[in-house]
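Derivation of every value follows stated rules applied to the coordinates shown; laboratory data play no part. Keep in mind that what you see is a predicted model, and the values were worked out from it rather than measured. Virtual Cβ from ideal backbone geometry, glycine too; neighbours counted across all protein chains shown.
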Amino acid sequence: MATTRQAEASHPFRAPVIFAILVLLFVLEGTTSNALFTGSWNTSLAILNMGLISAVMALGLNMQWGYAGLFNSGVVGFIAIGGLAPVLISVAPVDGGWGAGGPRVMLALIVGLGTLALTALTWSRAPRNWRVPAILAVLIAGFFVYRWLFDHAVVAIEANQAAQYGNLGGLGLPVLLSWPVGALFAAAAAWGVGKVALGLRSDYLAIATLGIGEIIVAVLKNEEWLARGVKNVTGIPRPVPYEINLQQDPDFVQRAANWGMNSAELSGIWVKLCYAGLFGAVLILLIVLAELSLKSPWGRMMRAIRDNETAAEAMGKDVTGRHLQIFVIGSAVIGLAGAMMITHDGLMAPTQYNPLRYTFLIWVMVIVGGSGNNWGAALGGVLIWFLWIKAESWGPQLIGLLTSPLPAGAIKTHLLESAPHMRFIAMGTTLLLVLRFAPRGLVPEK
Amino acid sequence: MEILNAIVVFLNFVFIPAAAYGAQLALGALGVTLIYGILRFSNFAHGDTMAFGTAITILLTWGLQTIGISLGPLPTALLALPFAIALCAVALLATDRAVYRFYRRKKSDPIILVMASVGVMFVMNGVTRLLIGVDEIRFDDGARFVIDVRSFREWSGLSEGLALRSTQVITLVVAVLVVWALFWFLNKTRSGKAMRAYSDNEDLALLSGIDPERVVRLTWIIAAGLATIAGTMYGLDKAFKPFNYFQLLLPIFAAAIVGGLGSPVGAIAGGFIVAFSEVAVTYPWKRVAEYLGFDTGSAMLQLLSTEYKFAVSFVILIIVLLFRPTGLFRGKSV
């Protein structure tokens with residue numbers, strides 16, 4: 001790794017030039033209508049908003065990979081668990097949901113976690129010969145108590161207004177509060193995985209996070225008492241105004257008329273601009289914090305550990321401890337982005353969590369943008385997101401153009417139908433090319 | 001009688017399915033562990049390689065079916081399999097030439113190779129989607145059962161039936177043959193010994209005149225064979241769906257780590273450990289318990305619902321990482 005990082009200095013204008021290209025792409029998307037762009041500001045801003053959220057995700061992953069060289073292949077899980085927070089914090093409480101079995105579920109979860117803690121304690125305290133029987137006894141007893149508490153509570157909660165709710169419901173608090181809570185959820189999950197898998201060989205973390213990612217998504221899909229599972233939670237409150245309210249506001253309609261736009265279009269743009277402002281503010285704040293911490297003694301230590309673990313350890317640095325710290329912080333940022341995404345969508349649909357889209361695409365963003373450089377990761381996030389969305393329409397057009405000389409037939413139909421799959425090949429090829437020919441990314445680390 | 005019924009239920013719902021699944025995982029884990037032993041990285045593209053190989057098998061099977069060739073009671077896919085392995089091996093050798101060789105020459109960190117394998121995974125996933133789409137495909141033909149429920153009941157006079165599907169028998173027979181051939185190759189042939197020497201100590205192997213590129217090429221060819229066979233067996237036994245193959249990555253890695261990365265015997269043991277635990281934990285034991293004379297009331301005696309079967313691999317993985325990070329058979333930990 002060290003060989004690829006201390007390479008020649010890159011041009012100082014690289015980041016501004018890429019930023020300018022990005023701005024140009026979004027302006028073109030908003031203004032020109034042709035085969036490549038839609039010419040709608042609504043579309044352009046929608047891509048930008050998700051792009052900003054992707055940039056936050058890439059920033060979190062970059063902390064883990066770029067600062068510490070940790071391979072997290074469970075990004076989708078940390079996004080998903082962060083996205084649980086808006087549902088639990090800001091959705092209105094369900095009538096009778098908590099009364100039906102809330103305290104009992106909480107008790108069951110405490111018993112479950114307590115069992116694990118007690119197991120760990122037994123392992124360290126029990127005399128050597130008694131260890132295995134003792135922890136087995138603790139685990140089995142704990143499991144039965146847990147299931148006895150949990151199963152009855154779940155049945156009661158899911159029976160409560162099953163068609164419409166059937167879940168615990170939220171606390172009805174402001175949705176912005178759920179963002180830091182989402183970060184906390186993800187941090188807790190990361191601590192658990194990191195505690196076990198860090199300090200061993202580097203790809204064990206990759207495999208363990210792959211597992212935790214799939215498990216978190218499975219929990220969200222199946223635990224209906226928690227967030228309705230695959231029945232989805234809709235109507236998550238917004239931190240910004242609703243289009244329909246704007247359209248009914250006479251002042252707003254007047255302003256739209258003054259600018260020569262219809263109020264439906266302007267309201268959409270206005271709402272998206274509000275979101276863009278919020279997401280942009282979070283992104284800038286995180287980048288500034290990350291840059292400051294990288295320049296601090298702590299940041300220097302992190303880079304020292306990354307570049308030569310053995311030497312850093314010899315200097316008395318706690319390598320595994322620092323790794324755990326950065327892994328938790330990075331996952332918290334990813335969880336925050338997950339909460340932002342669910343707030344933006346207004347919908348929590350666990351079936352959307354596909355690892356290719358939510359884990360490995362984020363990886364492409366970081367590698368392409370420039371691992372180790374916060375600005376690079378953020379720019380990579382927005383750029384790759386833009387290309388990923390546009391590839392959906394560009395791919396079929398390209399295939400259509402290429403196959404136009406072919407006579408109509410089975411092969412042509414097959415090619416046209418499978419054109420949307422081309423973007424997976426395109427992303428994989430991009431990742432491989434960047435990794436090989438520009439391993440430091442578009443905006444390399446200084 | 002009751003105890004015989006309990007045994008039949010156990011065989012039918014736990015032992016036979018878990019044995020077939022374990023054989024499939026073992027074949028997959030052997031591929032992962034071989035690549036790990038020789039090339040020294042965890043290949044994230046292995047699940048998609050399995051999907052890719054199976055997709056080719058299916059396309060060839062369809063081709064054979066349209067020209068009217070079949071194997072009678074056996075699935076036509078078995079006839080297509082050798083050709084699919086050859087094509088898959090060509091694809092992997094081309095990938096190695098285009099992607100991995102560069103990092104190998106540069107002696108990059110293993111984690112960079114893992115990253116490259118993620119890129120390969122994307123491309124292979126896209127190619128598989130392009131070839132065959134994302135829908136579920138069943139491609140087993142020929143006889144469905146070796147023993148079916150009704151004739152077993154009539155023959156034994158028991159109230160429980162036993163079904164033994166031909167795909168399960170084929171999976172086990174093929175797995176035994178493949179494992180036997182692989183171990184014969186690794187232990188008896190010059191090339192196999194060269195591979196083991198290279199895996200044990202790269203520098204020493206180079207000094208004794210082993211051509212590393214040849215060892216690597218052999219590894220990819222064997223890995224292609226193992227992945228295609230594992231994928232085809234899984235597809236015949238259950239159904240082919242590309243996304244399921246990606247999800248198999250976790251149990252396969254768990255199996256390889258449980259056995260000890262780089263250890264072929266360990267990979268086989270790990271495959272069966274993971275498969276039997278997964279099936280045993282997600283199976284509702286109510287009927288077995290009732291035949292044994294326990295009254296279970298309304299309890300299904302199911303420890304985990306089937307949706308959480310991945311949690312089982314994960315927990316096994318965590319336990320091994322906590323207590324024996326090098327695996328049961330002392331694999332590599334570098």
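Points to keep in mind about this one:
- Charge dipole of chain B (Cα centre as origin; +1 on each Lys and Arg Cβ, -1 on each Asp and Glu Cβ, all else neutral): 1060 debye, rounded to the nearest 20.
- Of A:Ile110, A:Ala68, B:Leu39, farthest towards positive along the dipole that unit charges on Lys, Arg, Asp, Glu beta carbons give the protein assembly as shown: B:Leu39
- If only the Cβ of Lys and Arg carry +1 and only the Cβ of Asp and Glu carry -1, the dipole of region A:94-168 around its Cα centre is close to 540 debye.
- Membrane-span-like helices in chain A, defined here as complete DSSP H runs extending at least 27 Å along the helix axis by their C-alpha atoms with mean Kyte-Doolittle hydropathy no lower than -0.5, are A:41-62, A:97-125, A:131-159, A:178-197, A:202-222, A:263-295, A:319-345, A:374-403; this is a sequence and geometry rule, not a statement about a membrane.
- Using the empirical formula 2.2 N^0.38 Å as the baseline, the Cα radius of gyration of region B:24-249 reaches a ratio of 1.13.
- Chain A - charge dipole about Cα centre, Lys and Arg +1 at Cβ, Asp and Glu -1, debye rounded to 20: 1140 debye
- Scanning chain A for chymotrypsin sites (Phe, Trp or Tyr not before Pro) in DSSP loops with at most 15 neighbouring Cβ atoms within 10 Å leaves A:14-241 as the longest stretch between them.
- Förster radius 25 Å - calculated FRET efficiency between B:Phe102 and A:Leu24, Cβ distance, rounded to 0.05: 0.15
- Gyration tensor (alpha-carbon) shape descriptor, region A:68-172, a/c threshold 1.5: oblate
- The protein assembly as shown: Rg to Rh, with Rh as the Kirkwood radius over Cα pairs: 0.97
- Here the scattering of chain A is modelled by Debye summation over its C-alpha atoms, one equal scatterer each and no solvent; at q = 0.10 Å⁻¹ the log10 of I(q)/I(0) is -0.84.
- Farthest toward the positive end of the dipole of the protein assembly as shown, out of B:Thr66, B:Val8, B:Ala256, is the Cα of B:Ala256, where the dipole comes from beta carbon charges about the Cα centre.
- In region B:229-334, the chymotrypsin sites (Phe, Trp or Tyr not before Pro) that fall in loop regions by DSSP, at most 15 other Cβ within 10 Å: B:Phe294
- Of A:Ser331, A:Ser90, A:Ser404, the sequence from fewest to most neighbouring Cβ atoms within 10 angstrom is A:Ser404, A:Ser90, A:Ser331.
- Projecting the Cα atoms of B:Phe145, B:Gly133, B:Tyr100 onto the charge dipole of region B:24-249 (Cβ charges, centred on the Cα centre) puts B:Tyr100 farthest toward the positive pole.
- For the residue pairs A:Lys195/A:Lys317; A:Lys195/A:Lys221; A:Lys195/A:Lys446; B:Lys286/B:Lys309, the alpha carbons lie more than 23 Å apart in A:Lys195/A:Lys221; A:Lys195/A:Lys446.
- Less than 5 angstrom separates the built amide H of B:Phe145 from those of B:Ser166, all sequence-distant by 5 or more or on a different chain.
- Footprinting exposure proxy ranking of B:Ser277, A:Ser33, fewest other C-beta atoms within 10 angstrom first, gives A:Ser33, B:Ser277.
- Loop sites in region B:272-334: trypsin sites (Lys or Arg not before Pro), DSSP, at most 14 other Cβ within 10 Å: B:Arg330
- Across region B:70-168, the convex hull enclosing all Cα atoms gives 167 Å³ per residue.
- With each label modelled as a point 7 angstrom along the Cα→C-beta vector, the A:Asn222-B:Glu202 pair spans 4.0 nm.
- Relative contact order %, region B:223-314, counting alpha carbon pairs below 8 Å whose residues are six or more apart: 24 percent
- Of the Cα atoms belonging to region B:9-92, the radius of gyration and Dmax stand at 15.8, 44 Å.
- Rg(Cα) / (2.2 N^0.38 Å) computed for region B:273-334, rounded to two decimals: 1.49
- Remark: relative contact order (chain A) = 30 percent; criterion is Cα-Cα distance under 8 angstrom and separation of 6 or more residues.
- Bins of 10 Å, starting at 0 and running to the largest distance - Cα pair percent for region A:388-446: 21, 36, 25, 13, 4, 0
- Mean separation of Cα contacts under 8 Å (6+ apart) over length of region A:165-248, as relative contact order %: 39 percent
- Label point of A:His152 set 7 angstrom out along Cα-Cβ; within region A:71-100, amide nitrogens under 20 Å from it belong to A:96-100.
- Taking θ as phi - 60° and the Karplus parameters 6.51, -1.76 and 1.60, the scalar couplings of region B:6-15 work out to 4, 5, 5, 4, 4, 4, 5, 9, 10, 5 Hz in sequence order, x denoting glycine and proline.
- Here region B:217-244 and region A:150-203 have alpha carbon centers that stand 36 Å from each other.
- For region B:152-164, 3J(HN,Hα) per residue [Karplus equation, 6.51 cos²θ - 1.76 cosθ + 1.60, θ = phi - 60°, Hz, x = Gly/Pro]: 5, 4, 5, 6, 9, x, 7, 7, 9, x, 10, 10, 10
- Between A:Ile140 and A:Asn258, the contour length at 0.36 nm per residue exceeds the Cα-Cα span by 35.4 nm.
- Long-range Cα-Cα pairs in region A:1-159 (distance over 28 Å), rounded percent: 59 percent
- For chain A, the 222 nm mean residue ellipticity estimated from helices alone, with every DSSP H stretch of n ≥ 4 adding -39500 (n - 2.57) and the total spread over all residues, rounds to -24000 deg cm²/dmol.
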